[in-house]
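Structure, as structure tokens:
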Amino acid sequence: MAKNVFDTLEERGYFSQATHREEIYDLLSKPGVSFYIGFDPTADSLHVGHFVQMMVMSHMQKAGHRPIALMGGGTGMIGDPSGRTDMRQMMTVETIDHNVECFKKQMGKVIDFSDGKALIVNNADWLRDLNYIEFLRDIGPHFSVNKMLTAECYKQRLEKGLSFIEFNYMLMQAYDFYYLHKKYGVKLEFGGDDQWSNILAGMELIRRKDQEEAYGLTFTLLTNSEGKKMGKTAKGAVWLDAEKFPVYDFYQYWRNVDDADVIKCMKLLTFLEMDEINEYAKLTDAAINEAKKRLAYEVTKIIHGEEAAEIAKKTAEDIFENAGRSEDMKTTEITKEELGAGMQIADALVKAGLMKSKGEARRMIQQKGVYLNDKVVEDQFYALAESDFDDNGEAIVRKGKKVYHRLKINV
């Protein structure tokens, strides 16, 4: 007998809350269940937080169920207040539509949309042209304002002032569930923990209008062992788009996760079998690095492809096992004129994008966090000389323990 995907998702640590655990388990025991997850297109790329949802969709699809990725071309014009203390910035229709197209391309790397095996739908198709009075008469009577105000997604916003446009968001998302239930037979909505109130609203609307049962299930947000959201760096969010977040940086992000988070990330963000993951879980101390390398490779392979993952892996190995040098490492060219004019290493660090300003670079040098050819730079005003470069016109600068960069004289 095939394994119920519910067991798979639970074993890997995806689940947080379920509205009807036994009913959902029974529902998923047979293939062919249509379910949906919503994505509001607030940027032109998905990020690692969305990646968890994409993995859930993939596991479900592999078990014979049909994912529906709902693009929020309509709800995106309002903005979800869930988990926010401020109001989201309004976006134009053109921006939203562009972002939706970007999402579609990225999801195709993990989910098979051929032959109706999965669908991408856009709630702009049914929300943007709604008649407001008809909507209020049809949907409004099924919502209690008193009950809505107790929802977790509104509590934070009430303190600073909840706008009426945001207050409508729950009705819109509930209507999405109702619409997809009517059109595609969707009985199950998945979402992050912050979507719990909105999911319940949709279930209630279906029950009241159609006298039919629908269910909801939330999964854990991607957090580290301290409970903080993962996917943020000094440069900002860890995007799935290589133009916004380079492949090597993406690989290194996972290579450098805390020891305590490696196995959790393996379960949530790779397709490695649980038996293999459990073997990695036995590693301790320095050996955990092997698990980190595998995690980084597998996640990078899923998002950016095997070839890009191999290059990132080789670059990282070359840099950290070959005195900081690799053919594929990031390189910044220095002209002979710049060198002759007495270019300081602080200027080179800024030009290379390793520091935002000369002041920041000098502070890092004072803290003995900058290295040139593996020797700590003592002088914050140190000027680069031709003697710092090898016969190939190359020098290696290092920021901290792990960020290596090549400077190359442009001849």
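Odds and ends about this structure:
- 2 or more residues free of Cβ contacts under 8 Å to residues at least 12 places away in the same chain and surrounded by fewer than 21 Cβ atoms within 10 Å (Cβ to Cβ): qualifying helices (runs of 4 or more DSSP H) within region 99-214: 132-139, 145-149, 152-160
- Answer residue from region 281-304, given it is at pLDDT 95 or above and of a type in the set (Ser, Thr, Tyr) and is nearest to residue 222 (Cα to Cα) among those: 300
- The set of residues in region 24-66 being of a type in the set (Ser, Thr, Tyr), in a loop (DSSP other than H, G, I, E, B) and in contact (Cβ under 8 Å) with a residue 40 or more places away in the chain consists of 42, 45.
- Check on residue 346, in contact with a strand residue (DSSP E or B) (Cβ under 6 Å, 6 or more places away or on another chain) and of a type in the set (Gly, Ala, Ser): no
- Residue among 236, 227, 192 that alone is within 15 Å of residue 48 (Cβ to Cβ), of a type in the set (Gly, Ala, Ser) and not assigned by TED's automatic domain parsing to the domain that holds residue 299: 192
- Test: residue in region 239-247 that is farther than 21 Å from residue 268 by Cα and outside the structural domain of residue 301 (by TED's automatic domain parsing): no
- Single condition residue 308 does not satisfy, out of (1) modelled with pLDDT of 85 or more; (2) over 30 Å from residue 271 (Cα atoms); (3) surrounded by 13 or more Cβ atoms within 10 Å (Cβ to Cβ): (2)
- Just one residue in the set 131, 122, 168, 146 is modelled with pLDDT under 95, in contact with a strand residue (DSSP E or B) (Cβ under 7 Å, 6 or more places away or on another chain), in the same structural domain as residue 49 (by TED's automatic domain parsing) and among the polar types (S, T, N, Q); that residue is 122.
The values are calculated or read from the model by the stated rules, or taken from the named source; none is laboratory data. Everything numeric in this text was worked out from a predicted model, so none of it was measured. Please note: Cβ atoms are built from the backbone with ideal geometry, for glycine as well, and neighbour counts cover all protein chains shown.
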